[in-house]
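Below: one structure, written as structure tokens.
The values are calculated or read from the model by the stated rules, or taken from the named source; none is laboratory data. The structure displayed is predicted, hence computed values, not measured ones. Positions of Cβ are backbone-derived with ideal geometry, glycine not excepted, and every protein chain shown enters the neighbour counts.
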């Protein structure tokens, strides 16, 4: 007997094709037929006796591979067989795996956006909020397993599309442009070491169909939302040209409230303050992406892309404030109105060269990318005293002008070693040059504005990271697989305070080992284990020691002495499948050294609500002020606490009752403990020591259902709950939200009409209590109120997006050791 083996992949994505069929027919005796199917890595190995055979390899909607009259007199390895899409058969394929599918690999989990109706007309933040293990809070902060220090990449690279503020960029980037999201909790050495929680890699859509095809999408909703987007693609044997563009205009009302109690040194109440805020946000966004892929040979290509994103908007916040004396009688009422205008422009271009050589897994990729970005925020803050005497206080004008240029140069080389092993090495240089011009101006008696030198400053921040890595992976006995890697990163940070002429340098180099292990108990039961060392670098705004204006009673400053956080991360996972149910569970542990902690400290200054000025206990007239008129001024800044331990477990379940009914849910429990003391001297010369030892636990849960109603109407419901949470200076309540969506295909699947409601019960609100030795504040915040959205998509020269056939037990795929 001889062995016929090989590897079957998709020629476009270069991903393995699982369940491709291999048929081996004896040329002399056609009734003698044998064969098999490919495994999760696209590999096959079939025992065949000596003879002459016709060999065919087939996969639904792909063109067949045929090898006729092949005589076997020894073992035969066909190498990598690349199958191409058969566009003529594509329309005949039954639509399957319409839910978001999951692929489990040794160092990542891949969540395909798929037919998720609840994100139609939404943003990248909405997509991430639907991904298990990932949460997006009401302020737009993204966390992975409860940890907000997550690295977000676009197509595997840092991108200007994320911008200088990833929170705002994710709220502006359209969901329709996203193909899938890779969740990498145990990154291999190929990936940047940045991000102690792990990596979220957003993969953008790229047209692949033969000939000319595309789609148009129209969106409308209330509160006011409208947009138009489209994508087009042209492909032949020599070139693939693709583009997508979209415009969106949105009004986003929101609200918040603060009820504060002020205390003296003995803990006695000295006064109260109530704040009621309404937000009126309006934004216009435009995105365009154009790319061309030139096929030099069957296995090599050059791709060039250009992306442009621009946005403008205005945020108006109205804050009605009531100050109370200790006996709860009203001392003063006022109204603060802030009008902020924002402009954001980003341009990025990139080139990629890919060579797959002989098609047996040997691969070289080279990348160059450059991005330019500028964000301008200009705000006017006016304060009107309403009672006891009507008066207008001097206005405050602020401006933040951020500009940056980023370069990326990278190369990766993969070399297979025998059949089930491979070696990989590469480099990546990230060069970032950023300038921030921040100004604060105070209105004078003549109506003009004078520069406030206590806040105004110009910062130049340069960060260069030079990284080199290598890794080796192998699969043994079709059961055990491993991927071992080592990455070295050299970081050079240069901080220039152009206003004062000061300069600070930070230079450090570190080694980051990675270990990923897998054991396949059987084809429906497997285990994984991973270890990685990660870091969190302080960003420019964390290091800038100048004050950043927040309000009359608080401000933010960076800390030039802030050092990186280093984290050792461990992860163990289990995947089991039986019948129509898939269960995926994992436990994890992270230990961080020099962990970042944002602390609120009293400056020793007080804001006098009667005189509307900041005063200090050392002032000669301080003793004459009414204590009920004094509000402590709070400074917020980052520091390095000694250690943080974070651990938890998560559980995901999928249940496909039938093609018409599908359920999935996830649960994540996490706990973290922080150890550290912090001492500081306030402006009154007093030394204050705070203990930040803290232990906190919380959890998140998701439930998603997909039901096919009569009339072929799809109905999707998504429930989310985030448990209460406690840290050193705040306590937050749980948050519950519900999203609902309906979808109907029209015109023989050439079009789709969908309707969704985000936050059906208008319950997505953050409620928390913050406290310092002199202040206790209860607050409630709702970034965006309930949203109704209607979408219509029309496809030309294509039908509804087909997906590859998935396993009957849940539509999940399990990959091998490859990164």
Item to check | Identity of the residue in the stretch 158-217, in contact with a helix residue (DSSP H, G or I) (Cβ under 7 Å, 6 or more places away or on another chain) and under 30 Å from residue 568 (Cβ atoms), that ends up modelled with the lowest pLDDT | outcome: 162
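A quick yes/no check of all residues on (1) under 30 Å from residue 224 (Cα atoms); (2) touching a residue at least 60 places away in the same chain (Cβ under 8 Å); (3) part of a loop (DSSP other than H, G, I, E, B):
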| position | (1), (2), (3) |
| --- | --- |
| 259 | no, yes, no |
| 280 | yes, no, no |
| 307 | yes, yes, no |
| 313 | yes, no, no |
| 323 | no, yes, no |
| 333 | no, no, no |
| 341 | yes, no, no |
| 352 | no, no, no |
Item to check | Which numbered condition residue 470 misses (of (1) within 30 Å of residue 635 (Cβ to Cβ); (2) at pLDDT 95 or above) | outcome: (1)
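Residues checked against (1) surrounded by fewer than 18 Cβ atoms within 10 Å (Cβ to Cβ); (2) free of Cβ contacts under 8 Å to residues at least 60 places away in the same chain:
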| site | (1), (2) |
| --- | --- |
| 5 | yes, no |
| 8 | no, no |
| 18 | no, no |
| 21 | yes, yes |
| 29 | yes, yes |
| 36 | yes, yes |
| 41 | no, no |
| 45 | yes, yes |
Checklist entry - Limited to the stretch 507-543, what total is found for residues that are surrounded by 15 or more Cβ atoms within 10 Å (Cβ to Cβ), more than 25 Å from the chain's Cα centre (by Cα) and not in a strand (DSSP E or B)? => result 1
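Suppose we filter 439, 488 for residues that are within 30 Å of residue 396 (Cβ to Cβ) and either part of a strand (DSSP E or B) or without any contact (Cβ under 8 Å) to a residue 12 or more places away in the chain (or both); which single one remains?
439
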Item to check | Test: residue in the stretch 654-663 that is surrounded by 19 or more Cβ atoms within 10 Å (Cβ to Cβ), part of a strand (DSSP E or B) and at pLDDT 90 or above | outcome: no
Next on the checklist: Can you pull out every residue in the stretch 235-257 that is closer than 30 Å to residue 304 by Cβ and either assigned to a strand (DSSP E or B) or under 26 Å from the mean Cα position of the chain (by Cα) (or both)?
Outcome noted: 235, 239, 240, 241, 242, 243, 244, 245, 246, 247, 248
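Report yes if residue 738 is assigned to a strand (DSSP E or B) and touching a residue at least 40 places away in the same chain (Cβ under 8 Å), otherwise no. Give the steps one after another, and end with the answer.
Numbers: assigned to a strand (DSSP E or B): yes; touching a residue at least 40 places away in the same chain (Cβ under 8 Å): no.
When the stated conditions are applied, residue 738 does not pass them.
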Item to check | When residues of the stretch 136-146 are limited to those that are touching a residue at least 60 places away in the same chain (Cβ under 8 Å) and surrounded by fewer than 22 Cβ atoms within 10 Å (Cβ to Cβ), the one farthest from residue 466 (Cα to Cα) | outcome: 138
Checklist entry - Of the numbered conditions (1) within 24 Å of the chain's Cα centre (by Cα); (2) surrounded by fewer than 16 Cβ atoms within 10 Å (Cβ to Cβ); (3) modelled with pLDDT under 95, residue 373 satisfies every one except a single condition; which is it? => result (2)
Checklist entry - How many residues does the stretch 697-730 contain that are without any contact (Cβ under 8 Å) to a residue 40 or more places away in the chain and over 16 Å from residue 670 (Cα atoms)? => result 8
Item to check | Odd one out for residue 343 among (1) surrounded by fewer than 19 Cβ atoms within 10 Å (Cβ to Cβ); (2) over 23 Å from the mean Cα position of the chain (by Cα) | outcome: (2)
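If a residue has to be under 10 Å from residue 768 (Cα atoms) and more than 24 Å from the chain's Cα centre (by Cα) to count, how many in the stretch 707-734 make the cut?
Quick first cut of the stretch 707-734, residues under 10 Å from residue 768 (Cα atoms) only: 724-726, 730-734.
Remaining after also requiring more than 24 Å from the chain's Cα centre (by Cα): 730-731.
Of the residues in the stretch 707-734, 2 are under 10 Å from residue 768 (Cα atoms) and more than 24 Å from the chain's Cα centre (by Cα).
Among the listed residues 696, 682, which satisfies the condition of being at negative phi, surrounded by 16 or more Cβ atoms within 10 Å (Cβ to Cβ), assigned by TED's automatic domain parsing to the domain that holds residue 588 and modelled with pLDDT of 85 or more?
So the residue among 696, 682 that is at negative phi, surrounded by 16 or more Cβ atoms within 10 Å (Cβ to Cβ), assigned by TED's automatic domain parsing to the domain that holds residue 588 and modelled with pLDDT of 85 or more is 696.
Those residues that are outside any loop (DSSP other than H, G, I, E, B) and either closer than 20 Å to residue 689 by Cα or not assigned by TED's automatic domain parsing to the domain that holds residue 265 (or both), I need them from the stretch 598-634; list them, please. Spell out the reasoning first.
Step one: list which residues in the stretch 598-634 are outside any loop (DSSP other than H, G, I, E, B), which gives 598-608, 613-615, 622-624, 627-634.
Residues satisfying the conditions are 598, 599, 600, 601, 602, 603, 604, 605, 606, 632, 633, 634.
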Next on the checklist: Tell me yes or no: at least one residue of the stretch 586-596 is in the same structural domain as residue 329 (by TED's automatic domain parsing) and in contact with a helix residue (DSSP H, G or I) (Cβ under 9 Å, 6 or more places away or on another chain).
Outcome noted: yes
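With respect to residue 239, is the statement that it is closer than 25 Å to residue 301 by Cβ, outside the structural domain of residue 318 (by TED's automatic domain parsing) and touching a strand residue (DSSP E or B) at 6+ places or on another chain (Cβ under 7 Å) true?
Values: closer than 25 Å to residue 301 by Cβ: yes; outside the structural domain of residue 318 (by TED's automatic domain parsing): no; touching a strand residue (DSSP E or B) at 6+ places or on another chain (Cβ under 7 Å): yes.
Considered against the rule, which asks whether it is closer than 25 Å to residue 301 by Cβ, outside the structural domain of residue 318 (by TED's automatic domain parsing) and touching a strand residue (DSSP E or B) at 6+ places or on another chain (Cβ under 7 Å), residue 239 comes out as no.
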Checklist entry - Does the stretch 48-57 include one or more residues that are under 47 Å from the mean Cα position of the chain (by Cα), more than 23 Å from residue 474 (Cβ to Cβ) and surrounded by fewer than 17 Cβ atoms within 10 Å (Cβ to Cβ)? => result yes
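Kindly evaluate residue 226 against the criterion of being outside any strand (DSSP E or B) and modelled with pLDDT of 90 or more.
On the way: outside any strand (DSSP E or B): no; modelled with pLDDT of 90 or more: yes.
Taking the combined requirement at face value, the residue does not satisfy it.
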